[in-house]
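Input: a single structure, listed below in structure tokens.
The values are calculated or read from the model by the stated rules, or taken from the named source; none is laboratory data. Computed from a prediction, not measured in an experiment: that's the story for all the values here. Virtual Cβ from ideal backbone geometry, glycine too; neighbours counted across all protein chains shown.
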Amino acid sequence: MATPESPDLNLFHPHFLSIQKPIVLVADDDVMIRNLVTLLMQGEGYVVLSSSDGQEGLELSRKYPGTIDLLITDMAMPRLNGMDLCSHLLQERPGIRVILMSAGDISEIVSKNVNLPFLPKPLDGAALIARVRAVLGAPVYEQTQAPNKP
């Protein structure tokens, strides 16, 4: 898992910024889910930026100078929820793709007419990998609809 302060892996070093592998930002306050998603993505060859909530994910995105290809975020998190994180990143990083996750009610997604991929928790690793591959292979314009604010 990479953060700006990681002593063992500095993804902010120019060498890593030139890597052609997709960069995935994972935001989830559940450490077990966050670690599972991180390990699955790394196992598929993706470079992962990991955050423990939406606010940390937003700060990490703002500090990271390279492209972030995909956000995988939980919907319910402290400080900044997944929908708000998604809204910020879709505005600040046009072209970022998003996958939303939740163990709870998805009525917020439905009520806001959000046209973004969704995965229920508990996660199925194979389903996550398949969804990530599909999302990263989709045209960017299909992934850029920001959630409507009431």
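Residues in the range 42-62 that are in a helix (DSSP H, G or I) and at pLDDT 95 or above: GLY54, GLN55, GLU56, GLY57, LEU58, GLU59, LEU60, SER61, ARG62. Would the range 38-56 turn up any residue that is touching a His at 6+ places or on another chain (Cβ under 9 Å) and either at positive phi or not aromatic (Phe, Trp, Tyr) (or both)? Checking the range 38-56: at least one residue is touching a His at 6+ places or on another chain (Cβ under 9 Å) and either at positive phi or not aromatic (Phe, Trp, Tyr) (or both). One residue is enough: does the range 105-127 have a residue meeting the conditions at pLDDT 85 or above and farther than 22 Å from ASP29 by Cβ? Scanning the range 105-127, I find at least one residue that is at pLDDT 85 or above and farther than 22 Å from ASP29 by Cβ, so the answer is yes.
Among residues of the range 42-66 that are more than 20 Å from LEU136 (Cα to Cα) and of a type in the set (Lys, Arg), those with a Cβ under 8 angstrom from a residue that is outside any helix (DSSP H, G or I) and modelled with pLDDT under 95, sequence gap 6+ or separate chain, pair up as LYS63/PRO4; LYS63/PHE12. The set of residues from the range 65-87 being within 14 Å of the chain's Cα centre (by Cα), of a type outside the set (Asp, Glu), under 24 Å from ILE129 (Cα atoms) and outside any strand (DSSP E or B) comprises THR67, ILE68, MET75, ALA76, MET77, ASN81, GLY82, MET83, LEU85, CYS86, SER87. Condition first: in a helix (DSSP H, G or I), surrounded by fewer than 13 Cβ atoms within 10 Å (Cβ to Cβ) and either at pLDDT below 90 or of a type in the set (Phe, Trp, Tyr) (or both). Now tell me which residues in the range 12-41 satisfy that. PRO14, HIS15 - these are the residues of the range 12-41 that are in a helix (DSSP H, G or I), surrounded by fewer than 13 Cβ atoms within 10 Å (Cβ to Cβ) and either at pLDDT below 90 or of a type in the set (Phe, Trp, Tyr) (or both). Modelled with pLDDT of 90 or more, out of contact with any Pro (no Cβ under 9 Å at 6 or more places or on another chain) and closer than 22 Å to ASP30 by Cα, is that true of LEU89? For LEU89, the condition - modelled with pLDDT of 90 or more, out of contact with any Pro (no Cβ under 9 Å at 6 or more places or on another chain) and closer than 22 Å to ASP30 by Cα - is met.
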